[in-house]
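Novice: Questions regarding the structure given below will be posed in turn.
Derivation of every value follows stated rules applied to the coordinates shown; laboratory data play no part. What you are looking at is a predicted structure, and each value in this text was computed from that prediction instead of being measured. Cβ: placed from backbone, ideal geometry, glycine included. Neighbour counts: every protein chain shown.
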Amino acid sequence: MFCIQTIISCGVWFFRSCAVFITPLAWSIFMTNQLPKVTSPSIVTLEDLAELADYSLQDTLNCDPDAKENGIDYLPRQVFTGHYVPVNPTPIEDPEYIAHSKHFFRELGFADSMATSADFISMFSGDLSQLPKPMRKLGWATGYALSIYGNEYVQQCPFQTGNGYGDGRAVSVLEAVIQDQRWEMQLKGGGRTPYCRGADGRAVLRSSIREFLVQDHMHSLGVPTSRSLSLYVSKSENVKRPWYSEGSRSKDPDMLISEPVAISTRVAPSFIRVGQLELFGRRARKNEHPKAMQELEKIVLHAIEREYADVIDNQLSTAEKVLMLACEFRSRLTSLVANWIRVGFCQGNFNSDNCSVGGFTLDYGPFGFCDVYDPHFQSWTGGGHHFSFMNQPVAAQQNFKSFCNALRPLLTSYQGTLQHEPSKKNSLQQDYLQQLDEIQDGFSNVMQAQMEKMWAGKLGLSTFNKALFSELESLMAQTPVDYTLFFRELSMLPENIAPLKKSFYKDSEDMDLRWSEWLAKWKSLIASDNVAAPRSDDEISRQMKLVNPKYILREWFVVPAYQQATAGNYALVRELQKIMTQPYAEQSKEIEDKYYRLKPFEFFELGGTSYYSCSS
């Protein structure tokens with residue numbers, strides 16, 4: 001009976017997650033970009049926010065028994081047990097306001113004035129000493145395991161055990177229930193933790209601006225993501241980082257520069273990663289301590305409560321919940337990756353520790369958006385083919401394998417309600433493990449279906465046409481074309497290929513005939529769709545524009561923004577934030593001329609713009 005329920009639930013969520021790619025429902029993307037209609041903010045002061053504090057992780061999970069009560073726990077050490085370590089974040093010196101997410105503030109019911117108030121700035125630049133009750137004056141960091149492309153690693157841990165991996169510069173400072181939604185608020189660059197592995201725990205202004213802008217942008221694109229809350233920079237504190245000299249064509253940074261430190265606050269329902277479940281799954285599998293299995297069960301049930309409470313019945317047994325979790329996460333993860341490719345986004349470093357159990361985009365380090373369409377596009381010089389643009393579905397499958405492996409010890413140990421009937425217990429165990437295997441084995445089919453729905457949506461078609469797409473993919477790579485400009489121009493339903501040439505980086509008469517033939521085939525399929533479900537050209541174009549953004553956060557837009565910000569000029573950061581939170585809108589002619597264009601050739605192969613080896 002449960003197996004059937006699981007399949008039905010998986011199917012419901014599969015089709016629901018695909019809906020964003022079905023052209024008649026393309027308005028669902030558009031609706032995510034509209035500012036909530038809040039008549040007046042309900043949270044005007046930090047005291048108002050304090051009343052909503054609710055620390056579920058600290059109150060229900062295990063604290064590291066070796067933790068220090070004062071949270072001054074900054075030296076690298078092994079954390080053998082417990083789900084979190086209390087940490088007192090290290091405030092940045094002389095914090096200055098740069099920006100906050102107006103969209104997210106309105107969703108939360110926050111007054112914009114809070115972002116520049118002294119107590120809010122103090123808290124979200126790392127100083128928790130004066131927080132109003134019942135807020136707590138200690139934050140927390142969590143440990144996790146590391147798997148790269150499905151292979152577990154411990155070598156980068158200073159202790160060669162894997163017990164030193166975790167939040168090295170991310171410190172959560174608040175959980176609050178706001179308008180019936182739980183949010184966790186986390187400082188990126190909040191200083192050292194036991195997981196810092198000898199680093200300084202800081203984030204520089206450059207990377208903080210990138211993460212702040214892209215989280216706002218991705219949400220506006222309709223892609224599930226952690227959210228940006230605020231961004232503050234220190235007026236006096238700097239750290240040294242390797243980076244690229246002006247005009248460098250080196251793959252690796254060629255100089256050491258001093259950069260201002262900053263703290264960006266990111267927000268999500270939780271920050272539980274696949275790597276976290278892996279850590280506790282590994283400890284349970286190896287029976288590393290007496291509470292290992294209990295801690296695995298606790299973190300899994302906590303993840304369900306934080307991320308899936310609306311779809312997983314709390315009355316189910318633990319084993320049934322685990323199977324539902326696997327099925328629901330598979331739906332979200334496949335949908336997420338298809339959305340990434342829809343908008344030209346490459347995560348860059350899709351390890352299991354950068355993969356959210358909630359199925360949203362997390363940890364914007366070496367990310368990038370495609371300019372030229374290239375299946376092997378990858379901004380990070382250390383990423384390799386396995387984390388490249390069109391290999392992200394396979395990378396996601398590897399993370400899902402790690403996820404399922406983390407759950408297996410729990411299902412293996414689970415005795416259900418039949419402990420008094422040993423003969424049935426083994427059969428029940430095997431049934432649960434077999435169902436998990438089936439869910440895992442089905443990943444590639446679900447991923448393929450999500451991708452086909454996505455490509456059909458981008459092309460304005462009701463169903464995926466493999467031959468048409470294969471030919472298009474070949475043409476895009478050979479021409480080559482700008483990924484975003486091409487699909488946006490196609491959304492205008494051009495009569496000939498002339499408008500499409502706006503997206504061509506190289507114009508070749510030899511390709512013109514092939515493009516014209518492809519366009520004719522595409523228009524014929526659009527016409528065939530209209531026989532079954534008539535739509536006007538205007539309606540088709542409008543729906544395609546809601547799937548194919550006009551503006552994306554290209555790196556060569558961001559570089560001058562953070563360069564100017566380093567000199568104390570934040571105007572371009574704020575301009576990009578405003579433009580990139582309206583990515584489907586036409587906007588003004590001035591903005592179009594500036595931001596809707598091909599990548600200048602001088603930026604190709606430029607260190608720190610076309611690629612980078614780090615993003616600290």
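Novice: Using the alpha-carbon centroid of each, what span in Å lies between region 366-380 and region 108-164?
Specialist: When both Cα centres are located, 29 Å separates them.
Novice: Of the options 534, 604, 572, report the single residue whose Cα projects farthest towards the positive end of the charge dipole of the chain (beta-carbon charges: Lys, Arg +1; Asp, Glu -1).
Specialist: 604
Novice: Okay, moving on. Would you order 550, 133 from fewest to most other beta-carbon atoms within 10 Å of each residue's own beta-carbon? Intermediate results must be reported in sequence, preceding the final value.
Specialist: Details: 550 22, 133 10.
Sorted ascending by nearby Cβ count, the order is 133, 550.
Novice: What FRET efficiency do you get for residue 374 and residue 40 if R0 is 51 Å and r is their Cβ-Cβ distance, rounded to the nearest 0.05?
Specialist: Efficiency computed from Cβ-Cβ geometry: 0.60.
Novice: Next up: Checking the table 133/235; 286/401; 453/589; 458/523; 458/594; 298/321 against a 21 Å threshold on Cα-Cα, which pairs fail?
Specialist: Going by Cα-Cα distance, 133/235; 453/589; 458/594 fall outside the 21 Å limit.
Novice: Still on this structure, please answer the following. Any idea how far apart residue 498 and residue 510 come out in nm if each label point goes 7 Å out from Cα toward Cβ?
Specialist: Each label point is offset 7 Å from its Cα along the Cβ direction, giving 2.6 nm.
Novice: Counting only complete DSSP H runs, which helices of the chain cover 27 Å or more along their long axis at the Cα atoms and score a mean Kyte-Doolittle of -1.0 or above?
Specialist: Helices meeting the criterion: 318-343, 392-413, 509-532.
Novice: Quick check: net charge around residue 572, other residues with Cβ under 12 Å of its Cβ, Lys/Arg +1 and Asp/Glu -1?
Specialist: Net charge in that neighbourhood comes out at +2.
Novice: Moving on. Go through 162-169, 500-507 and give me the packing order, highest mean Cβ count within 10 Å leading.
Specialist: Those peptides, ordered most packed to least, come out 162-169, 500-507.
Novice: Hey, another quick one. Just report the Cα centroid separation between region 265-321 and region 176-193, whole Å.
Specialist: 19
Novice: Using 0.36 nm per residue of separation minus the Cα-Cα distance, give me the extension gain between residue 434 and residue 571 in nm, one decimal. Please report the intermediate quantities before stating the final value.
Specialist: Numbers: separation 137, 0.36 × 137 = 49.32 nm, distance 5.63 nm.
Extending this stretch completely gives an extra 43.7 nm.
Novice: For the chain, what is the charge dipole size about the Cα centre, in debye to the nearest 20, if Lys and Arg each add +1 at the Cβ and Asp and Glu each add -1 at the Cβ?
Specialist: Taking the Cα centre of the chain as origin, the dipole is about 380 debye.
Novice: Follow-up. Residue farthest toward the positive end of the dipole of the chain, with Cβ of Lys/Arg at +1 and Asp/Glu at -1: which of 203, 402, 413?
Specialist: Toward the positive end, the furthest listed residue is 413.
Novice: So, by mean Cβ neighbours within 10 angstrom, what's the order for 118-125, 290-297 with the highest one leading?
Specialist: 118-125, 290-297
Novice: With a sphere of radius 15 Å drawn around the Cβ of residue 44, what net charge do the other residues whose Cβ falls strictly inside it have (Lys, Arg +1; Asp, Glu -1)?
Specialist: Value of the local net charge: -4.
Novice: Next up: Sort 196-207, 47-58 by the packing proxy (mean of other Cβ within 10 Å over each peptide's residues), most packed first.
Specialist: Working: 196-207: 20.7, 47-58: 16.7.
Top of the packing list down: 196-207, 47-58.
Novice: Right, something else. Below 14 angstrom from the Cβ of residue 546, what's the summed charge of the other residues (Lys, Arg +1; Asp, Glu -1)?
Specialist: Local charge sum for residue 546: +4.
Novice: At a Cα cut-off below 14 Å, give the aspartates and glutamates reachable from residue 501, other chains included and same-chain residues fewer than 8 away excluded.
Specialist: Candidates past the 8-residue exclusion: 482, 489, 509, 510, 512.
Novice: Say the dipole of the chain comes from +1 at the beta carbon of Lys and Arg and -1 at that of Asp and Glu; which of 356, 265, 245 then lies farthest toward its positive end?
Specialist: 356
Novice: For the residue pair residue 258 and residue 177, what label-to-label distance in nm results when each label sits 7 Å from Cα along the Cα-to-beta-carbon direction?
Specialist: Taking the simple label geometry, residue 258 and residue 177 are separated by 4.9 nm.
Novice: What FRET efficiency comes out for residue 517 versus residue 251 if R0 is 45 angstrom and r is the Cβ-Cβ distance? Round to the nearest 0.05.
Specialist: 0.70
Novice: Let me ask something additional. Taking neighbour Cβ counts within 10 Å as the exposure measure, how do 236, 402 sort from fewest upward?
Specialist: Least to most surrounded, the residues fall as 236, 402.
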